[in-house]
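**Student:** Sharing a structure here in structure tokens format.
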């Protein structure tokens with residue numbers, strides 16, 4: 001979601017072209033063009049992830065919340081030997 005929102009902001013607020021945005025977000029120009037056209041047609045709602053088909057996730061919401069909390073910590077907060 002973040003990259004898609006960045007593409008939209010770079011286009012709308014900074015007036016960058018698809019080729020320039022593609023270079024900044026490290027994606028193809030065609031992907032950026034498709035995304036900008038989709039955003040223009042569907043609006044802000046398209047930024048949110050739609051439910052997907054397939055096998056349900058094995059990760060529970062509780063586990064995901066704990067994982068994200070841990071990942072967001074600075075290495076020193078974990079008091080590990082290899083912390084900077």
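Only the coordinates and a few stated rules stand behind these numbers; no lab work does. Note that the structure is a prediction, hence the values are computed from the model and not measured. Reconstructed Cβ throughout: ideal geometry from the backbone, glycine too, with neighbour counts over all protein chains shown.
**Student:** Identify which of 39, 63, 48 has the largest mean-square fluctuation in a Gaussian network model of the chain, with springs joining Cα atoms closer than 10 Å.
**Tutor:** Judging by the Gaussian network model, the answer is 63.
**Student:** A follow-up question, please. Can you pull the percent of Cα pairs in segment 2-47 with separation above 13 Å?
**Tutor:** Tail fraction, whole percent: 46.
**Student:** So, R0 is 35 Å and r is the distance between the beta-carbons of residue 24 and residue 79; what FRET efficiency does that work out to, to 0.05?
**Tutor:** It comes to 0.45.
**Student:** Here's something else I'd like to know. Among 24, 67, rank each residue by its count of other Cβ atoms within 10 Å, from fewest to most, as a rough exposure measure.
**Tutor:** Neighbour counts put them in this order, fewest first: 67, 24.
**Student:** Relative contact order for the chain using alpha-carbon pairs under 8 Å, separation at least 6, rounded to a whole percent?
**Tutor:** 20 percent.
**Student:** Measure nothing fancy, just the Cα-based angle from helix 29-42's long axis to the longest principal axis of the chain, in degrees from 0 to 90, nearest 10.
**Tutor:** With both axes taken from Cα atoms, the answer is about 80 degrees.
**Student:** What would the Debye formula give as log10 I(q)/I(0) at q = 0.13, 0.20, 0.22 Å⁻¹ for the alpha-carbon point model of the chain, no solvent?
**Tutor:** Each listed q corresponds, in turn, to -0.67, -0.90, -0.95.
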